Amino acid sequence: MISLNIQSVKERISNVCARLGRDPGGVTVVAVSKGRPAQEIQEALTAGIADIGENRIQEAILKYNAIRSTGYVSRIKWHMIGHLQTNKVKDAVAIFDLIQSVDSIDLARQIDKQACRINKLQGILVQINTSGEASKFGLKPQDAIAAIKEMAELKNIEIRGLMTIAAAVDDPQGARPFFLRLKQLKDKINNLSFVSCPLSFLSMGMSDDFEVAIEEGSSMVRLGRAIFD
Ligand SMILES: *Cc1c(COP(=O)(O)O)cnc(C)c1O
């Protein structure tokens, strides 16, 4: 049941944070509702979730409208977590609070342009391919600094942090190096201080490995199965 799953996830986050001396409030839970009906999003919202992640624009728009039509009043933040094609940017900018999957300068420019048209400051995360797998999107870590420097010049986007998807491994501990790599990259960028405000978010950790991600400094975990299965 969704509300019990959420309770259990929150407990697990609290336990890791207690061990680390971290404030559990510093870990945002994004409920990844791809493939799930709007009804289930509604259940998650009722159980205290405020952040919803989707990876396909068309599907996200349908559910965004469905949730709005219910008159649900609490503040919901919508997160785009899937690869975004430049021809879908206009729709994405219209509904998402945070686009987590920015993986090229070209995409950042398109987002900036569409955000400018509607006078929006669009929050983004820059996706980094920390595992180097060809199947994954994201900037190569070695290209990230130059790219983020260019993105930082764009007026209608705000770079709030970095996102990564760890390689699929049998043991959650195996994901640790990818999370560490993302944390180190964030620290490096903040030390170079060319972004107007320091990057704060590290979006890393999914259902199988979120506790390890939190140990490595995650401030945003993206949970699908742990919440909806
Ligand atoms: C599906 C998805 C998730 C959630 O995955 P689970 O393993 O179900 O928690 C997180 N992030 C991204 C980018 C995804 O596509």
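The values are calculated or read from the model by the stated rules, or taken from the named source; none is laboratory data. A quick note: this is a predicted structure, and the numbers were derived from the prediction, not measured. Virtual Cβ from ideal backbone geometry, glycine too; neighbours counted across all protein chains shown.
Residues checked against (1) free of Cβ contacts under 8 Å to residues at least 40 places away in the same chain; (2) in a loop (DSSP other than H, G, I, E, B):
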| site | (1), (2) |
| --- | --- |
| Gln114 | yes, no |
| Asn119 | yes, yes |
| Ile124 | yes, no |
| Glu150 | no, no |
| Glu158 | yes, no |
| Gly161 | no, no |
| Gly205 | yes, yes |
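Which residue out of Val195, Val221 is within 23 Å of Ser3 (Cβ to Cβ), touching a residue at least 24 places away in the same chain (Cβ under 8 Å) and touching a helix residue (DSSP H, G or I) at 6+ places or on another chain (Cβ under 8 Å)?
Working: Val195 fails: within 23 Å of Ser3 (Cβ to Cβ).
One residue alone meets the criteria, Val221.
What tally of residues in the stretch 34-70 results from selecting those that are among the β-branched types (Val, Ile, Thr) and outside any helix (DSSP H, G or I)? Break it down stepwise before answering.
Restricting attention to the stretch 34-70, the residues satisfying the condition of being among the β-branched types (Val, Ile, Thr) are 41, 46, 49, 52, 57, 61, 67, 70.
Remaining after also requiring outside any helix (DSSP H, G or I): 49, 52, 70.
The qualifying residues number 3.
Within the stretch 169-188, take every residue that is exposed (fewer than 14 other Cβ atoms within 10 Å of the Cβ) and within 16 Å of the ligand (Cβ to nearest atom) and give me the one that is modelled with the highest pLDDT.
By that ranking, first place goes to Asp171.
May I ask you to say which residue of Ile67, Ile81, Ile52, Ile76 is within 13 Å of the ligand (Cβ to nearest atom), surrounded by 15 or more Cβ atoms within 10 Å (Cβ to Cβ) and either free of Cβ contacts under 8 Å to residues at least 60 places away in the same chain or over 11 Å from the mean Cα position of the chain (by Cα) (or both)? Step through it out loud before you land on a result.
Working: Ile67 fails: within 13 Å of the ligand (Cβ to nearest atom); Ile81 fails: either free of Cβ contacts under 8 Å to residues at least 60 places away in the same chain or over 11 Å from the mean Cα position of the chain (by Cα) (or both); Ile76 fails: within 13 Å of the ligand (Cβ to nearest atom).
None of the other options fit; the residue is Ile52.
Among the residues of the stretch 2-33, write down those that are closer than 23 Å to Glu54 by Cα, hydroxyl-bearing (Ser, Thr, Tyr) and in a helix (DSSP H, G or I).
Scanning the stretch 2-33 gives Ser3, Ser8.
Of the residues that make up the stretch 189-200, is at least one among the hydrophobic types (A, V, I, L, M, F, W, C), more than 14 Å from the ligand (Cβ to nearest atom) and under 27 Å from Ala50 (Cα atoms)? Give the steps one after another, and end with the answer.
Residues of the stretch 189-200 among the hydrophobic types (A, V, I, L, M, F, W, C): 189, 192, 194-195, 197, 199.
Subset that is more than 14 Å from the ligand (Cβ to nearest atom): 189, 192, 194-195, 197, 199.
Of the ones still in play, those that are also under 27 Å from Ala50 (Cα atoms) are 197, 199.
The answer is yes, given that some residue of the stretch 189-200 is among the hydrophobic types (A, V, I, L, M, F, W, C), more than 14 Å from the ligand (Cβ to nearest atom) and under 27 Å from Ala50 (Cα atoms).
Could you tell me how many of the residues in the stretch 201-218 are within 16 Å of the ligand (Cβ to nearest atom) and at positive phi?
Number of matching residues: 1.
Within 15 Å of the ligand (Cβ to nearest atom) and under 20 Å from Phe137 (Cβ atoms): is that true of Asp229 in this structure?
On the way: within 15 Å of the ligand (Cβ to nearest atom): yes; under 20 Å from Phe137 (Cβ atoms): no.
No, not satisfied.
Give just the number: which of (1) among the polar types (S, T, N, Q); (2) touching a Ser or Thr at 6+ places or on another chain (Cβ under 8 Å); (3) more than 22 Å from Asp208 (Cα to Cα) does Thr28 not satisfy?
Evaluating Thr28 over (1) among the polar types (S, T, N, Q); (2) touching a Ser or Thr at 6+ places or on another chain (Cβ under 8 Å); (3) more than 22 Å from Asp208 (Cα to Cα) leaves (3) as the failure.
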